[in-house]
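The values are calculated or read from the model by the stated rules, or taken from the named source; none is laboratory data. Keep in mind the model is a prediction, meaning the values are calculated, not measured. All Cβ positions, glycine included, derive from the backbone under ideal geometry; neighbour counts span all protein chains shown. All accessible areas refer to the heavy atoms of the entire protein, side chains included, with ligands and DNA or RNA removed. Shrake-Rupley method; radii C 1.70, N 1.55, O 1.52, S 1.80 Å.
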Amino acid sequence: MSKPTTRFAHMEGKTVLCYSPDGGHIITGGADHAVRVFDVSKLAAEPRAIEHHSDAVTALAISANGERLVTGCEDNMVALFDFPSGEFTGNATRSQTPVCDVAFSPTGAFVAAACDDGNIRHVAHETNQLTMLKGHRDAVLHLAYDPLGRYLASSSADGNVRIWTTDDGACAHHLLHGYGKLARGGEETSAPAWHPEGTLLAVPTPRGIRLLARGTWAADGTLSGEGSCAEQTRCAFASSGLYLAAFGLDRQLFVWDVREKHTLANVRCDAPITSLAWSPVHNALAYATADGTMAVWDGVVPSHFPHPAIATHAEHAKGGAAGGGAGGADDNEDALDAAILEALGDADADPAELAPTPAPARAAAGARAARAPPPAAAAAPPARRRLQATAEGGDDDDDVDDMLGLESKEAKAAELAELEMAIAREERLRALRDGQRAAAQPAPAPAVEASCAQASVQPGSTPWHNKRRFLAYNLLGSVTSRDEDTACTVEVTFADADRGRSLPGKVDPYHSSMAALSEDGAVFAAEAANGRPATVWYWSFASWAGNSDWLAQLPPGEEPTAVAHGFRFVAVASSARLVRVFSDTGRPLAMWTARSAVVALAAADDMLAVVEHGARGALVTDQSLVVSSYSLADARRVRRLRERPVALSEGSTLAWLGFSHDGALTAVDSAGIVRSAMSAWDYEWLPVLDTASSRKSKAERLWVIGLDETQLLCVHCKGSTAGGLDFPTVLPRPVLASLPLALPVAHVDGSPAELDAAALLLAARLEQRRDALRAAPTDDAAAEIAADVLKHVGSMDRNTLMLMQPACATSRAARALDLASQLRTPRALEASVRLAQHHRQMQLAERIALLMRVTFAGGAPSEDELLFDAPLEHGPLAAERAAARAAGGPAADEAADDEEGEGGGDEREPGWVHEQAAEAARARAASARAPMRQMQLAAGAAAGLVGGAARAQNPFAKPPSDAHAATMATPGAGKDVLGKLQALNAQPASAGAVDALGVKRKTGMTLPPGKRVSKAFG
């Protein structure tokens, strides 16, 4: 085995290279702003320079027909040149940030540029039509086009490898390369490479080269061991697809036999390799290093193995140019080429026709052939025509044996069989490309950004960093994993010290990539690896039952994409678009097929939320996600409750999904907007927080942990664009921050926006807690939630009184009265009267007092009225019921029956709730049969409040008129008030009319029965 030939190419820094399709030139670019073209047959000679760039050349690629060269530069430009002349023809595109990599599509119609801002610019360079591929959250470092033109693979510093479909810009698949957050220009990287037939994608990982099957993207093997280190960073397939070159962090370059999965050769490098390419025609491998050196490794594959190039070095037999050096051919090989040609019955043919055309040149030739179809007789590949000639008759076998130096016809047959296999491979590729070529001629793309269907999200999970990562992190605690090469160790740490700080570590031999944590246990999922199928396993925290852990293996080719843990169940979504539900003991409960790829799962109590892709959004930059909610309260039947689109900011993706402390489904998008689906608005999405104002810098990222009723818990991360990370590290432990929720309300003059936002949030949370009360599984849980509901009622009244303060201070009596109508307790209404008196709003105070007398004509609200939000006792209809209750007799029974009918009928409520409501209604009816004196006393007390009690609080208050005070103190005053209100609702008002209560009404206004009194007073 020969050693690589090295020479200086550029100044120290990142150096990139590629071969021309005919294998005659190596083109390099480097930190000295230059592009150089080396003649492979004269590597020691001075190269030809292309001087155009004003900054370091970071990437280059050549088209399949060898006529165009594209370069990427630190000055953000993507430049096009004619080749081999080197004449600059224009810029394909310009980025906002430095260009990290470039690639030509197989047909040469498109150029892809990987940019430092995390975007990929996909350009039809002939028409300058641009499509943006968005999805990476950090610099895109590497690109690799599928040889058939269907897919584009990209690797990013955010720890992800994404596979895009080139026709619509959608993200077909994504996976973690395992290195976590990468530093641009560092040794740790992951440069993917396609098999020449497009059947496999090779991805360097910290555990070797992972091979993914096209289309399913399932693991198809791993190249590791054999003396190579586990941490691989770059790889490249030979044009035959038989061999793969891989470089690792140990700075050793290995050549692998892909079929046998063992190494053939290796060499140690003095500096990290920054670019790697096989010769399309020779047994040679070229690479460039970070110190500006270029090397060519001739004879890299031992001679007794099949040649690494589909187009062999046979063409050198004709001109005798294979006398060693760059070509890697020798005289014996040249003689072999000529002998095979003669054996095939075409001794006068050009030896270059012996082998199929190089893969890049085939695509260009195919495009030309599509424009000018060859005659039918010439349609077959040259090698196929010669093979057919051989079948019809050729030279004498003994003569061929003599010329080849072969001892038997079997050896000759083996040589011909190998050639036929190469021909079959070429024809298969040609058929695939012909089928793809028509589809690869896309319609003119609009010059707008195309959305990428985002990949799955596992809340609370982070990439690897220093061999540690979070698998799950929520309000309950965290699950961490520590990589120990042969296995991982997972640990659980609880946030509640009463449970103990952490559990002893458990060995994870499957290298789990995600987990979900609950009070009862943790569920883990691991991708397929080393012939083992994908695995789901459970760690039970139950202390009374031994051997409660369990394991399940997914069918071959199926990978887990998301997991969630609820009350006594776990859910797993897979790449087969299946959602599987198990009990926490491992018993399968349910399984169904999602309509599209599942993006995220979330669970709490007996609720499961499944987010999947929907139809394309209204804007091309929009994600279109749909969330479905399921109830697993009955283990024998999964009930689908509702379905809603997921609200996201324009151009953003789903970053986090979970349930808040009070059971509200919450989503956080990549723009930092936090939204909760609240029952108060029929589960529409309420924006509860915009985290942008909480960031210390534009680069900072907020990594979400969970949401309770009043605040978002998160971790402030420095951000990758500022040289930090977008996620927290296991060590040191992250410092948690809490951000108070704040709705983005519109500012109304005279009303504090923060109080308006608090009022909306409190109202929504109150309804959420009432729903939880109705569905409480036990009496103890119901009692705890009931106390919380009453606390919310008190908080709402306090917030309402705080809103009344500026309304009264600015003489906005109508707004103050409207706010007073929202108060739920007599104590709060009494405080509102005193507040109006304090600000000398005497007329407002009288109306609030009247409102209070009508509202509580039948007495203070009972506890269950506050708990279950019985209809407010406002308006004539409610007042009639109060009067009927006070009068007693059949009318009181009828009123109680009406209220019981309105309060029931909710089939979601458990039976004990219905019984409690019915009992409370009967108690109200019994108390309502008291004599009329009860109502008179309440009315008299209210009159005294407006008079003496109010004056005691505010000496400047104007006492009510004697006639009004006498009226209020008269027996039956409450009924007189009701009568006047009924008359007010029944009669249309005339302009400027003032009724007996002194209320000025709008012309022609008629209130329907049951309208709130506050509206009538307005």
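Observations on the model:
- Only one entry in Ser697, Ser670 is polar (S, T, N, Q) and without any contact (Cβ under 8 Å) to a residue 40 or more places away in the chain, namely Ser697.
- Of all the residues in the range 500-519, those that are without any contact (Cβ under 8 Å) to a residue 24 or more places away in the chain and surrounded by 14 or more Cβ atoms within 10 Å (Cβ to Cβ) number 1.
- The single residue among Ala813, Ala764, Ala772 that is more than 30 Å from Leu471 (Cα to Cα) and out of contact with any strand residue (DSSP E or B) (no Cβ under 8 Å at 6 or more places or on another chain) turns out to be Ala813.
- Of the residues making up the range 224-243, those that are under 21 Å from Leu182 (Cβ atoms) and either of a type in the set (Asp, Glu) or part of a strand (DSSP E or B) (or both) are Glu231, Gln232, Thr233, Arg234, Cys235, Ala236.
- Candidates in the range 843-863 are the residues that are part of a loop (DSSP other than H, G, I, E, B), touching a residue at least 60 places away in the same chain (Cβ under 8 Å) and small (Gly, Ala, Ser); of these, the one that is surrounded by the fewest Cβ atoms within 10 Å (Cβ to Cβ) is Ser862.
- In the range 708-728, the residues that are in contact with a Ser or Thr (Cβ under 8 Å, 6 or more places away or on another chain) and in contact (Cβ under 8 Å) with a residue 60 or more places away in the chain: Asp708, Leu713, Asp726, Phe727, Pro728
- In the range 199-223, residue nearest to Gly186 (Cα to Cα) [restricted to those that are open to solvent by 30 Å² or more (accessible area, probe 1.4 Å) and assigned to a strand (DSSP E or B)]: Arg210
- For the range 629-643, the set of residues classified as surrounded by fewer than 18 Cβ atoms within 10 Å (Cβ to Cβ) and either among the charged types (D, E, K, R) or part of a strand (DSSP E or B) (or both) consists of Ser631, Asp634, Arg636, Arg637, Arg639, Arg640, Leu641, Arg642, Glu643, listed by residue number.
- Selection within the range 224-236: residues that are touching a residue at least 24 places away in the same chain (Cβ under 8 Å) and under 31 Å from the mean Cα position of the chain (by Cα). The member of this set that is nearest to Ala286 (Cα to Cα) is Ala236.
- Candidate set from the range 94-112 (those that are in a loop (DSSP other than H, G, I, E, B) and either free of Cβ contacts under 8 Å to residues at least 12 places away in the same chain or at negative phi (or both)); member that is surrounded by the fewest Cβ atoms within 10 Å (Cβ to Cβ): Gln96
- Filter pass, Gly241 being modelled with pLDDT of 90 or more, under 32 Å from the mean Cα position of the chain (by Cα) and buried (at least 21 other Cβ atoms within 10 Å of the Cβ): no
- Enumeration of residues in the range 644-676 that are in contact with a helix residue (DSSP H, G or I) (Cβ under 9 Å, 6 or more places away or on another chain) and part of a strand (DSSP E or B): Val668, Ile673, Val674, Ser676
- Count - residues of the range 680-703 that are in contact with a helix residue (DSSP H, G or I) (Cβ under 9 Å, 6 or more places away or on another chain) and open to solvent by less than 60 Å² (accessible area, probe 1.4 Å): 7
- Answer residue from the range 543-557, given it is open to solvent by 70 Å² or more (accessible area, probe 1.4 Å) and not in a loop (DSSP other than H, G, I, E, B) and is farthest from Phe582 (Cα to Cα) among those: Gln553
- Residue list for the range 191-223, restricted to those being over 23 Å from Ala157 (Cα atoms), of a type in the set (S, T, N, Q) and in contact with a Gly (Cβ under 6 Å, 6 or more places away or on another chain): Thr216
- Long-range neighbours under 7 Å by Cβ, at least six apart or interchain, first residue under 14 Å from Met802 (Cβ atoms) within the range 743-763, second of a type in the set (S, T, N, Q): Gly750/Thr810; Leu755/Asn799; Ala758/Asn799; Ala759/Asn799; Ala759/Thr800; Leu762/Ser795; Leu762/Asn799
- The residue that is farthest from Met514 (Cα to Cα), among those in the range 600-611 that are open to solvent by 10 Å² or more (accessible area, probe 1.4 Å) and assigned to a strand (DSSP E or B), is Met607.
- Only one of the numbered conditions (1) touching a Pro at 6+ places or on another chain (Cβ under 6 Å); (2) open to solvent by 30 Å² or more (accessible area, probe 1.4 Å); (3) not charged (D, E, K, R) is violated by Leu725, and that is (1).
- Residue match in the range 558-569 (condition: of a type in the set (S, T, N, Q), part of a loop (DSSP other than H, G, I, E, B) and under 21 Å from Ala603 (Cα atoms)): no
- Candidates in the range 527-540 are the residues that are open to solvent by 40 Å² or more (accessible area, probe 1.4 Å) and either hydroxyl-bearing (Ser, Thr, Tyr) or in a loop (DSSP other than H, G, I, E, B) (or both); of these, the one that is farthest from Leu176 (Cα to Cα) is Gly531.
- Positions within the range 680-696 being among the small types (Gly, Ala, Ser) and modelled with pLDDT under 85, in sequence order: Ala680, Ser693
- Search result, residues across the range 807-842 that are closer than 22 Å to Leu762 by Cα and touching a residue at least 60 places away in the same chain (Cβ under 8 Å): Arg815, Leu817, Asp818, Ala820, Ser821, Glu830
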